[in-house]
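Read the structure below first, then the notes.
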Amino acid sequence: MIYKVLLFMAIAIFIFNYLVGPRFLNMESTDNGLFGGLMMLCIVIGHILEREK
């Protein structure tokens with residue numbers, strides 16, 4: 001269950017960082033959002049691979 005939440009959070013970070021922020025809030029995309037989203041994706045993918053063994 002927690003991995004689904006992490007996956008949704010990672011997707012939301014990517015969407016906010018690259019679509020919503022630059023277009024509507026006049027923000028530039030930062031590496032912090034990318035790093036956080038990629039770390040969450042790595043955790044989720046690691047769990048999926050572990051579960052498939």
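Tabulated data for the structure shown
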{"quantity": "Peptides 22-33, 6-17 ordered by average Cβ neighbours within 10 Å, highest first", "calculated": "6-17, 22-33"}
{"quantity": "Mean Cα-pair separation over length for the chain, i.e. relative contact order, pairs under 8 Å, 6 or more apart, %", "calculated": "46 percent"}
{"quantity": "Cβ-based net charge around HIS47, under 14 Å, with every Lys or Arg adding one and every Asp or Glu removing one", "calculated": "+1"}
{"quantity": "Chain lengthening between ASP31 and LEU19 when straightened (0.36 nm per residue, less Cα-Cα)", "calculated": "2.9 nm"}
{"quantity": "The chain, accessible surface, carbon-and-sulfur percent (1.4 angstrom probe)", "calculated": "69 percent"}
{"quantity": "The chain: calculated mean residue ellipticity at 222 nm from DSSP helix runs of at least 4, using -39500 (n - 2.57)", "calculated": "-24000 deg cm²/dmol"}
{"quantity": "From the coordinates shown, P(r) over Cα pairs in 5 Å bins from 0, in percent corresponds to which of [x] 4, 22, 24, 19, 13, 9, 5, 2, 1; [y] 4, 17, 12, 14, 12, 10, 9, 7, 6, 7, 2; [z] 4, 21, 30, 22, 13, 7, 3, 1, 0", "calculated": "[x]"}
{"quantity": "Solvent exposure, largest accessible area first (probe 1.4 Å, DNA, RNA and ligands not counted), of MET1, MET39", "calculated": "MET1, MET39"}
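The values are calculated or read from the model by the stated rules, or taken from the named source; none is laboratory data. Keep in mind it's a predicted model, so treat the numbers as computed, not measured. A quick note on method: Cβ atoms are made from the backbone with ideal geometry, for glycine too, and the neighbour counts reach across all protein chains shown. To get the accessible areas, we keep the full protein, side chains included, count just its heavy atoms, and leave off ligands, DNA and RNA. Shrake-Rupley method; radii C 1.70, N 1.55, O 1.52, S 1.80 Å.
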